[in-house]
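What follows draws every value from the coordinates through simple rules; no lab data is involved. A quick note: this is a predicted structure, and the numbers were derived from the prediction, not measured. When we count neighbours, we look across all protein chains shown, and the Cβ atoms used for this are built from the backbone with ideal geometry, even at glycine.
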Amino acid sequence: MEAPAPRPRLRVAAVLPYQGGLVLVRHAKAGIAYHLLPGGGVEAGESIDEALRREVLEETGLECRVAAPLFISDSIDPHGLRHMVQLTFLASVVGGELVDRPLDPAVMSIEVVDPSDLATLDLRPPMAGALYDASLDSFDVPARYLGALWTLSDGSTNPEAASEAG
């Protein structure tokens, strides 16, 4: 008998403009380094707002305020082993300072990146095009669904997802 598919996991992420760029966190898994928007999983009994503020603080040292929803996306493993729904919000920094050593041990570094450089990074989920396009309008854009985005283990993206994200 085949194992049941896992339930989708809910992740929140912040598009956090800061000092002329966007705050990204760098992770490494299985020897591959990649970038993420700061954020993480929503815990049971925790609101989306609380989860986003907690995750941004743990990963960056910055306190933020949620401003508006920007993107919704799915990350679905082609083998059916993982499914994550990501809610991406525009947020603003309201306090704190970028830290050298984040509370989250998975974060290798924190970087402030110019939106025009996003396409040069291994950003996960692969939403660099959508982020860059939204930055051209100062993120004053309607929220939209980006589709199912997945980065393969070799760092490449699902060709269907790449066309949906850009």
Some residue of the range 102-109 being of a type in the set (Gly, Ala, Ser), within 24 Å of Asp133 (Cβ to Cβ), assigned to a strand (DSSP E or B) and touching a residue at least 24 places away in the same chain (Cβ under 8 Å): no
Residues of the range 121-152 classified as in contact with a Gly (Cβ under 8 Å, 6 or more places away or on another chain), among the hydrophobic types (A, V, I, L, M, F, W, C) and in a loop (DSSP other than H, G, I, E, B), total: 0
Cβ pairs under 7 Å, 6+ apart, first in the range 47-63 and more than 8 Å from Gly96 (Cβ to Cβ) and in contact (Cβ under 8 Å) with a residue 24 or more places away in the chain, second in a strand (DSSP E or B) and among the aromatic types (Phe, Trp, Tyr): Leu52/Phe89
Search result, residues across the range 49-88 that are within 14 Å of the chain's Cα centre (by Cα) and outside any strand (DSSP E or B): Ala51, Leu52, Arg53, Glu55, Val56, Glu59, Thr60
Single unsatisfied condition, Val56 versus (1) surrounded by 14 or more Cβ atoms within 10 Å (Cβ to Cβ); (2) touching a helix residue (DSSP H, G or I) at 6+ places or on another chain (Cβ under 6 Å): (2)
Hey, Asp74 in contact with a Gly (Cβ under 8 Å, 6 or more places away or on another chain), among the charged types (D, E, K, R) and exposed (fewer than 14 other Cβ atoms within 10 Å of the Cβ) or not: no
Lone unmet requirement of (1) surrounded by 14 or more Cβ atoms within 10 Å (Cβ to Cβ); (2) part of a strand (DSSP E or B) for Ala33: (1)
